[in-house]
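Enquirer: Dropping a structure here in structure tokens format, bear with me for questions.
The values are calculated or read from the model by the stated rules, or taken from the named source; none is laboratory data. Just so it is clear, the structure is predicted and the values come from calculations on it, not from any experiment. All Cβ positions, even for glycine, are placed from backbone atoms using ideal geometry, and neighbour counts span all protein chains on display.
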Amino acid sequence: MEEKQEQPKKNTGIKTVRTFSSDMAEAVRENQISVIKIAMAEKERREQQAELARSGNSKSSKFLFFIGSLIFIAGAIFGSYYFINQKKERESRIIVEKPRIETFINYDNAIMVDATKLNSLMGLISSIHSKEPEEKNGANALFFMKENEEGDEEQLTKGDLLSILKSTAPNALTGSMTSQFLFGKYKGGLDIGNSSAFLIFGINDYNLAYASMLDWEKSIFNDLFILFDITISDSDSALFEKEWRDVIVNNKDARVLYGLNGEGILYYSFVNKNTLVITENAEVLKRMINAILVKNPQ
């Protein structure tokens, strides 16, 4: 019997044939995985950087906000301090004007004199001279103020002034005067010089006042020459006994005491039945007459 020839066993395992195409596919597949990993890693890295950036920006923003807040607060404090100081400075520069004191004329400048402790002629003269720097061109009205018993401020009266002057004015004359008076200085004008004094009294009895002034003429120069700052020498002693003369000033009757050389030394005039003016200068008398008539035409 013929022996059957033993057939060689076939290898059933399938042997993969590697080709260029398969290799490329595998490489691409592996590269895709690598690219994805790289992309994922890059994305993660970018997210981390973005987070770090946000974190850094947040800290920077907070820091800048903190610094900005400090600057704003400091600016607000400085601004408030500046405006408060400016307001104080403006308020300090504001001069609170007292109500204008009404008197016989419309004056150009008011000068307040503290007369609380005035009790002598030389004290009065000293207080007047101390106010000379405050004088301005035109009519300077000097108001002598004192405190009354209630602590309120009030003006010296006619009686106070005549008492300080130790005036020899007749009682009939002082009785015909109101309590109001005005002493002032008129400054400016070629015919006036540096300044000239004037004294105005209110009158409530014209006829009695007119007659009494004629009696006061005997001693009025002696009573007033220091107040009017009239300089006299030993040779001028005759002025105390000279007679007064009639004169017309600005269409008003007036009386004048002439000096030894024929110059007018002292003048007075009843501008109207309510007002008596005494001054050392004819030009000032003219201006006072006009000023009084403007204020009180009667």
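Enquirer: Can you tell me which residues in the range 232-257 are among the acidic types (Asp, Glu) and out of contact with any Ser or Thr (no Cβ under 7 Å at 6 or more places or on another chain)?
Expert: Asp234, Asp236, Glu241, Glu243, Asp246
Enquirer: Could you please let me know if Gly175 is within 23 Å of Asn106 (Cβ to Cβ) and either within 44 Å of the chain's Cα centre (by Cα) or buried (at least 20 other Cβ atoms within 10 Å of the Cβ) (or both)?
Expert: Judged against the criteria, Gly175 is not a match.
Enquirer: Would you please name the residue that is surrounded by the fewest Cβ atoms within 10 Å (Cβ to Cβ), looking only at residues in the range 104-120 that are under 29 Å from Lys273 (Cα atoms) and in contact (Cβ under 8 Å) with a residue 40 or more places away in the chain?
Expert: Asn106
Enquirer: Sticking with this one: What residue, of Thr174, Thr178, is within 29 Å of Asn207 (Cα to Cα), among the hydroxyl-bearing types (Ser, Thr, Tyr), at pLDDT 95 or above and outside any strand (DSSP E or B)?
Expert: So the residue among Thr174, Thr178 that is within 29 Å of Asn207 (Cα to Cα), among the hydroxyl-bearing types (Ser, Thr, Tyr), at pLDDT 95 or above and outside any strand (DSSP E or B) is Thr174.
Enquirer: Does Asp215 satisfy being assigned to a helix (DSSP H, G or I), acidic (Asp, Glu) and either assigned by TED's automatic domain parsing to the domain that holds Gly189 or without any contact (Cβ under 8 Å) to a residue 12 or more places away in the chain (or both)?
Expert: yes
Enquirer: If you go through the range 249-260 one residue at a time, do you hit one that is exposed (fewer than 14 other Cβ atoms within 10 Å of the Cβ), modelled with pLDDT of 95 or more and not in a loop (DSSP other than H, G, I, E, B)?
Expert: Within the range 249-260 (the criterion being exposed (fewer than 14 other Cβ atoms within 10 Å of the Cβ), modelled with pLDDT of 95 or more and not in a loop (DSSP other than H, G, I, E, B)), the answer is yes, since at least one residue qualifies.
Enquirer: Can you give me the number of residues within the range 162-172 that are within 40 Å of the chain's Cα centre (by Cα) and surrounded by 15 or more Cβ atoms within 10 Å (Cβ to Cβ)?
Expert: Number of matching residues: 3.
Enquirer: Here is a follow-up. Do we have Ser167 as in contact (Cβ under 8 Å) with a residue 40 or more places away in the chain and small (Gly, Ala, Ser) here?
Expert: Considered against the rule, which asks whether it is in contact (Cβ under 8 Å) with a residue 40 or more places away in the chain and small (Gly, Ala, Ser), Ser167 comes out as yes.
Enquirer: Return the only residue of Asp223, Asp205, Asp191 being more than 23 Å from Met145 (Cα to Cα), modelled with pLDDT of 95 or more and assigned by TED's automatic domain parsing to the domain that holds Glu263.
Expert: Checking each option against the conditions leaves just Asp205.
Enquirer: Just to be sure before I move on: is Glu154 among the acidic types (Asp, Glu), out of contact with any helix residue (DSSP H, G or I) (no Cβ under 6 Å at 6 or more places or on another chain) and assigned to a strand (DSSP E or B) in the structure I sent?
Expert: Taking the combined requirement at face value, the residue satisfies it.
Quick grid of which residues meet (1) more than 21 Å from Ala141 (Cβ to Cβ); (2) touching a Pro at 6+ places or on another chain (Cβ under 7 Å); (3) of a type outside the set (Val, Ile, Thr):
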| position | (1), (2), (3) |
| --- | --- |
| Ser237 | yes, no, yes |
| Phe240 | yes, no, yes |
| Asn251 | yes, no, yes |
| Asn274 | no, no, yes |
| Thr279 | no, no, no |
| Leu285 | no, no, yes |
| Ala291 | no, no, yes |
| Pro297 | no, no, yes |
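Enquirer: Among Ile265, Ile278, which is under 23 Å from Gly188 (Cα atoms), out of contact with any Lys or Arg (no Cβ under 9 Å at 6 or more places or on another chain) and either at pLDDT below 95 or assigned by TED's automatic domain parsing to the domain that holds Leu214 (or both)?
Expert: Ile278
Enquirer: Output the residues belonging to the range 184-215 that are buried (at least 19 other Cβ atoms within 10 Å of the Cβ) and under 23 Å from Asp253 (Cβ atoms).
Expert: Across the range 184-215, the qualifying residues are Gly184, Tyr186, Ser196, Ala197, Phe198, Leu199, Ile200, Phe201, Ile203, Ala209, Ser212, Met213.
Enquirer: Also: Quick check on the range 80-103: of everything there that is modelled with pLDDT of 70 or more and charged (D, E, K, R), which residue is surrounded by the most Cβ atoms within 10 Å (Cβ to Cβ)?
Expert: Once the filter is applied, the top-ranked residue is Arg100.
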